[in-house]
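The values are calculated or read from the model by the stated rules, or taken from the named source; none is laboratory data. Just so it is clear, the structure is predicted and the values come from calculations on it, not from any experiment. Quick reminder, even Gly has a Cβ in these numbers, built from the backbone with ideal geometry, and neighbours come from all protein chains shown.
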């Protein structure tokens, strides 16, 4: 080789890595820009759904930095109150994301816009990490131009998939974002170690995995995903995979021990209210339960391919009770049995499709009500990790097979991304705030106990303040129908019973039903003071003054300075002809009103 040829070769050796690095920066920029385009319209949103449980109404979070100790010392719902902990099934130890909310409260006050912005940043980082990992792990597949490569296409499909809207647009779901982000970071650090880097990478990797577990328990599936990734996508020996897996398993065991200790310490009575909102299969036999679970697995698959319609509410009976005679159940079972067959078949050859099926199925094994109840039949956020397997598989099919017939994968990828993006941006609007979400998704989940109850509650809060009119009577009739539908599915909702009792008494003059539902509301939630007030008034309407007084005084034990109760008591005493007692109550009202105005 002459000197000129040597110079050209050296020049090419320098230019190629620089060109490759520049391309990577371009790809990173496109990914981040795409995430902000997709979710930028959520930044000005308010809190929604369970945000109040872990943020706005959580006493630990509201303390800011001084609440961190309690956040890490108790069940994740402890800050919202013991009554709530015992009203939901299972335990939750997810302190890391809640700790970040407390830090935000300390720095910026009660600001949902900052929280939404941070969620977008974290999602963008997740997508960048997905691309970086896939570029490394699928390097031998990258024979196309960068914009037609599997890592780039898979990352764009993952970033744009509308099934992620609940995770990104709902601030509370930062636990899902952190669980995947830190699990992937743990895998990334392990890959660095396997490339011959320092053993410190292993220590950092285990630390990241522990943070992922502290974010949400679903991260525990990476005990299997990390070694599976090394097996399928690298050439390392089984001995090396076992060596890597053992410390990961140890970290998972340590987390489980800590979690069980914290939950046992928090839930002292270990009692949970057993209602259909905690266990959706409560009114089903074994056959119906498993048929419905299999059907829900089919629904997950449908939403991965066609993410429409979307809803936050899959409580009974948005999905009807299924039977093994249902064709949809048989189809779902057949598809998943096929997936398992192809996954096992591809194990020996380390097939990419086998790996993708594994990534898709593993999270669902944890969240599909197979081993323990999750409350609802299903949740869209449970597809967050699974969708990564789908995105890689679809990118592989498009990039590999279309390239063989000289067709650019972009011809199909761009239309898919456009449809995904339109759906994502449009769906984000529903997450503007809790009321908007409930009003929007009621149209989709109109058979759900939650949707009927929550939608009726929104209407009630609006209508009850309006002046009496024919229109108000019609609205109350509509609310009554929604609450009756909710009550027919679940009799143990305190707010539903309160509204039913109030409406039956005030607008239907059915005092028997009013008393029944208001007493039921008090039984379910003894601290909801309005139930005592309305029950006392109902007894007074029936001239059962002793019962009315007894009820109101029970309420005053809980809320000793309740002005409305003293007003009701004064009226009752005057109706009974006890002027002196009535005057005492009136005097008490004036004192309390003076104190209130002084404050």
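Some observations on this one:
- Residue within the stretch 228-242 that is modelled with pLDDT of 95 or more and within 23 Å of the chain's Cα centre (by Cα) present: no
- Single match in 103, 168, 98 (criterion: surrounded by fewer than 22 Cβ atoms within 10 Å (Cβ to Cβ), at pLDDT 95 or above and either touching a helix residue (DSSP H, G or I) at 6+ places or on another chain (Cβ under 7 Å) or within 24 Å of residue 209 (Cα to Cα) (or both)): 103
- Set side by side, the residues 392, 458, 438 differ, and just one is surrounded by 21 or more Cβ atoms within 10 Å (Cβ to Cβ), without any contact (Cβ under 8 Å) to a residue 24 or more places away in the chain, touching a helix residue (DSSP H, G or I) at 6+ places or on another chain (Cβ under 6 Å) and assigned to a helix (DSSP H, G or I), which is 438.
- Some residue of the stretch 367-383 being crowded, with 20+ Cβ neighbours inside 10 Å and either closer than 14 Å to residue 336 by Cα or over 20 Å from the mean Cα position of the chain (by Cα) (or both): no
- The residue list 506, 520 contains one member that is surrounded by fewer than 22 Cβ atoms within 10 Å (Cβ to Cβ), out of contact with any strand residue (DSSP E or B) (no Cβ under 7 Å at 6 or more places or on another chain) and at pLDDT below 95, which is 506.
- Residue match in the stretch 131-147 (condition: farther than 30 Å from residue 231 by Cα, modelled with pLDDT under 95 and out of contact with any strand residue (DSSP E or B) (no Cβ under 8 Å at 6 or more places or on another chain)): no
- Hey, residue 185 surrounded by fewer than 21 Cβ atoms within 10 Å (Cβ to Cβ) and at pLDDT 95 or above or not: no
- Some residue of the stretch 139-149 being in a helix (DSSP H, G or I), surrounded by 23 or more Cβ atoms within 10 Å (Cβ to Cβ) and touching a helix residue (DSSP H, G or I) at 6+ places or on another chain (Cβ under 8 Å): no
- Whether a residue is at pLDDT below 95, within 30 Å of residue 514 (Cβ to Cβ) and over 29 Å from the mean Cα position of the chain (by Cα) was assessed, and residue 465 passes this test.
- Close pairs (7 angstrom Cβ cut-off, 6 or more residues apart or separate chains): free of Cβ contacts under 8 Å to residues at least 12 places away in the same chain and on the phi < 0 side of the Ramachandran plot in the stretch 466-488, assigned to a helix (DSSP H, G or I) and surrounded by 12 or more Cβ atoms within 10 Å (Cβ to Cβ) anywhere: 466/472; 472/463
- Of 232, 255, 178, all but one fail to be assigned to a helix (DSSP H, G or I), crowded, with 22+ Cβ neighbours inside 10 Å and in contact (Cβ under 8 Å) with a residue 24 or more places away in the chain; the exception is 178.
- Evaluation of residue 445 against (1) crowded, with 18+ Cβ neighbours inside 10 Å; (2) in a helix (DSSP H, G or I) (one fails), failing number: (2)
- Flag not set for residue 294, criterion: over 29 Å from residue 491 (Cα atoms) and not in a loop (DSSP other than H, G, I, E, B).
- Of the helices (runs of 4 or more DSSP H) lying entirely inside the stretch 478-562, those carrying at least 2 residues that are within 19 Å of residue 460 (Cα to Cα) are 494-506, 511-524, 529-541.
- Residue in the stretch 410-422 that is assigned to a helix (DSSP H, G or I), free of Cβ contacts under 8 Å to residues at least 40 places away in the same chain and buried (at least 20 other Cβ atoms within 10 Å of the Cβ) present: no
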